[in-house]
1. So, R0 is 25 Å and r is the distance between the beta-carbons of A:ASN76 and A:LEU151; what FRET efficiency does that work out to, to 0.05?
2. If you build the Cα gyration tensor of chain B and take the root of 5 times each eigenvalue, what three semi-axes come out, in whole angstrom, biggest first?
3. Please list the radius of gyration and Dmax for the protein assembly as shown, considering alpha-carbon atoms only, with Å as the unit.
4. Give me the dipole magnitude in Debye, nearest 20, for chain B about the Cα centre, with unit charges on the beta carbon: positive for Lys and Arg, negative for Asp and Glu.
5. By Kyte-Doolittle mean hydropathy of at least -0.5 and Cα axial length of at least 20 Å, which whole DSSP H helices of chain A are selected?
6. How many partner chain Cβ atoms sit within 10 Å of a residue's Cβ in peptide A:56-64, on average, as a whole number?
7. Take the alpha carbon atoms of the stretch B:51-95, find their center, do the same for the stretch B:13-43, and report the distance between the two centers in whole angstrom.
8. Of all the stretches in chain A, which is the longest one without any exposed loop site, taking GluC sites (Glu not before Pro) in a DSSP loop (any state but H, G, I, E, B) with at most 12 other Cβ atoms within 10 Å?
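What follows draws every value from the coordinates through simple rules; no lab data is involved. Predicted model, so just to flag it, every value in this text is computed and none were measured. Note that each Cβ is placed from the backbone with ideal geometry, even for glycine, and that neighbours are counted across all protein chains shown.
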Amino acid sequence: MTALIFIIFAGLAVFCGINLVVQTHPIASALSLIGVMGSLAVLYLQLGGEFIAAAQVIVYAGAIMVLFVFVIMLLNAGAEATTFQVSRFVKYLGAILLAAFLGLISLVIQAELPATEGVLFGSFQGTALDVGRKLFTTYLLPFEVTSVLILIAIVGAIVLARKEV
Amino acid sequence: MPNAAVPLSWYLILSAILFALGVAGFIFRRNIITVFMSIELMLNAVNLSFVTFSYQFKQVDGHIYSFFVMVVAAAEAAVGLAIILTVFKNRATLMIDEVNSMKY
């Protein structure tokens, strides 16, 4: 069951990732990116990351992608105009070389990683309680610095998007 | 096989594949918004690695790192999209090939 769910959602993630790269219209790419994020949230749940799976859906697929779609709509971004022409041979060669490169990466990771016991759903649960406890004790300073970063980002976004820049 | 375990390396391979796809999109796309979304894809791939290693060590530290990555991605998206808005207001284009006045 664990393997089946992994294969389904990993395949979905890779399909959506490829779709993100090959689509010419930005809104199609945005939809593909949401597909990748949803599939990854399922895989996080499988790995015992309850909190991070919820945050993935709420923050990434919710907030950040809404911002992207909003900007695409605001700027009325259409399909991408091709500025350089490549021959069909080069396209196919590129696809083959990319597939070979990904296969090589897979082989290297498979060979270099020490053999460990596999992932079983439920054998590790990083509950929101554990995450919160660690976040507010060990990682308290980075957490507070993060809030300053968010404040700077808000101010920067407002300054950049003003009318008279 | 009702409860077959998934090897940990599969998750890392998926992460590497998604990262490579993000790099490919970053290099080959001409639309600045799609380039930006490719960066988000790379960040997501790295998050998957963090959570996988978190499972391996049975510690929640990896979850906290990926939480911080999400926060930084949110800040980056806000500022980056504001920059895109400003570029579009001044140049009326979204193609990165046409925003090249620093090249000469």
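1. Working: r = 31 Å, r/R0 = 1.24.
Efficiency computed from Cβ-Cβ geometry: 0.20.
2. Semi-axis lengths for chain B are 35, 16, 9 Å.
3. 19.7, 64
4. On the way: 6 positive and 5 negative charges, 40 e Å.
Approximately 200 debye in magnitude.
5. Working: long enough: A:2-22 (30 Å, 2.54); A:26-46 (30 Å, 1.62); A:88-112 (36 Å, 1.57); A:140-160 (30 Å, 2.53).
Helices meeting the criterion: A:2-22, A:26-46, A:88-112, A:140-160.
6. On the way: counts 7, 0, 1, 5, 8, 0, 0, 4, 10.
For peptide A:56-64, the averaged partner shielding equals 4.
7. One Cα centre to the other: 13 Å.
8. Working: sites that count: A:GLU117, A:GLU164.
Longest site-free region, per DSSP loop and neighbour criteria: A:1-116.
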